[in-house]
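Colleague: Below: one structure in structure tokens.
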Amino acid sequence: MEKCLGRNKMICNTEEERGNYEIWSRFKSADYNILHDTVHWGGIWMIYLRTFKSIEFEQVCEKQANLEKERSIIWFTLRSSEYSGFYSEGWLDTLGVENYEDIAFDYDRYTYIVTIGHELISIEYSRSDMKNRIYGIFGKQYVGHVTLKEEATDKVYIYKIKKMDIDCDYHEPERDVIFSK
């Protein structure tokens, strides 16, 4: 009596050997599929999380400011009170921005990007770079990545974007800033 060689069902001589082969091949196939699916979908998930999304913005105004006393931050956002934000309109006073009271901030529809001494070229975010996570997984607040013009000015620039919870990294405000010509 020949032994079942395992890979080819036709070589198995008895029903029992054929059954053992089928069980083993299904197990190996399922094991492989689970591993393959985990790697495949995990990779797609990581690409999805790491992909940067650009945000369209519109300049609201540029205001003269006294920037000699405050250069510790380069940009921040002003946003709806429903988001827990670190910065408020009071920071415009701190920066010595003149006549900012004449700006009609509409926090119900927009979030405002304030850049200090540099014009904004682009702003983007990634789902992998978030703060205030819920259950340690789902982020509530995006950390913005900005590209600014390298040329420094004595002005504060204010831009608006669609309402969203985004801000700079409070602890390392220069971390996600790129200067470009």
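Readers should treat all values here as calculations from the given coordinates under stated rules, not as data from a laboratory. Just so it is clear, the model here is predicted, and its values are computed rather than measured.
Colleague: Taking the convex hull of the Cα atoms, report for the stretch 74-116 its projected area averaged over all directions, in nm². Provide the component values of the computation, followed by the final result.
Modeller: On the way: hull surface 12.3 nm².
If you wrap the Cα atoms of the stretch 74-116 in a convex hull and average its projections, you get 3.1 nm².
Colleague: Please list, in chain and number order, the residues 5+ apart from Val97 or on another chain whose amide H is under 5 Å from its amide H, with Hs placed from the backbone.
Modeller: Amide H neighbours of Val97, under 5 Å, 5+ apart: Asn66.
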